[in-house]
1. Quick one: 3J(HN,Hα) in Hz for segment 54-61, Karplus 6.51/-1.76/1.60 with θ = phi - 60°, rounded, Gly and Pro as x.
2. Using only Cα atoms and rounding to the nearest 10 degrees, what angle (0 to 90) does helix 152-177 make with the longest principal axis of the chain?
3. For helix 112-130, what angle does its Cα long axis make with the longest principal axis of the chain, in degrees from 0 to 90 and rounded to 10?
4. Using amide H atoms built in the peptide plane, which far-off residues or other-chain residues are under 5 Å from Val141 H to H?
5. If you fit an axis through the alpha-carbon atoms of helix 14-25 and take the longest principal axis of the Cα set of the chain, what angle between them do you get, 0 to 90°, nearest 10?
6. Taking 7 Å along the Cα-to-C-beta vector as the label spot, tell me the Tyr96-Ala60 distance in nanometres, rounded to one decimal.
7. What is the chain's relative contact order, in percent, from Cα pairs under 8 angstrom and six or more apart in sequence?
8. For segment 1-129, report the accessible area per residue in Å² (1.4 Å probe, heavy atoms, rounded to an integer).
Amino acid sequence: MTFSNPAGKATASATSYVRSLLEVLGSRDPLDVLSELMPWLTLRLRGVAEPVLRRPESPAKWSVIEVIQHLADSDLVASYRIKMVLTEDRPPLQGYDQDRWAAELRYREVPLGLALEQLTGLRAANLHLWKQLTPRQLERVGIHAERGPESVAHLLRLMAAHDLVHRRQIERILVTAR
């Protein structure tokens, strides 16, 4: 399945988007999946030339480097959201247009090493926090602008599924780029 999350329809498609993500994750432990990303990227990208990593899947789609930068920014957003939920009572969780971020923040121009450094640091810091969360903390809730109430545990499941979706995307890009 090719996954899509068009920002312009985020509120209208929120339920089906979440359901699709959670189906990808299935019964896997989200922290296990989240811990796999960096070792998986290291193995998957080994020996792949940067021009291949810069080639988009198709004209309107992202390249591997753009996906990596998106994953770094997703970790940044998830970190902020989860920290807000842990420290505020039912805080609002703002949505964002991932395609606009990619365009306006010029993901296409980001050096591979910089994108990987950002993702590596953010993921390490996030996992350090996320692995220490108590059951009570996992139950805390924020109010997502497009999807409504979401617990920390739910946000972690969405993040893990998001990783799996983008791992599939990277695999597709690498197959079509050769």
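1. In residue order, the calculated couplings are 9, 7, x, 4, 7, x, 9, 10 Hz.
2. 10 degrees
3. Roughly 20 degrees between the two axes.
4. The list, which skips near neighbours in sequence, is Arg90.
5. Result, in degrees: 70.
6. 2.4 nm
7. Computed over the chain, the figure is 38 percent.
8. 55 Å²
The values are calculated or read from the model by the stated rules, or taken from the named source; none is laboratory data. What you see is a predicted model; the values in this text were computed from it and never measured. For neighbour counting, all protein chains shown are included, and Cβ atoms are generated from backbone atoms with ideal geometry for every residue, glycine included. All accessible areas refer to the heavy atoms of the entire protein, side chains included, with ligands and DNA or RNA removed. Shrake-Rupley method; radii C 1.70, N 1.55, O 1.52, S 1.80 Å.
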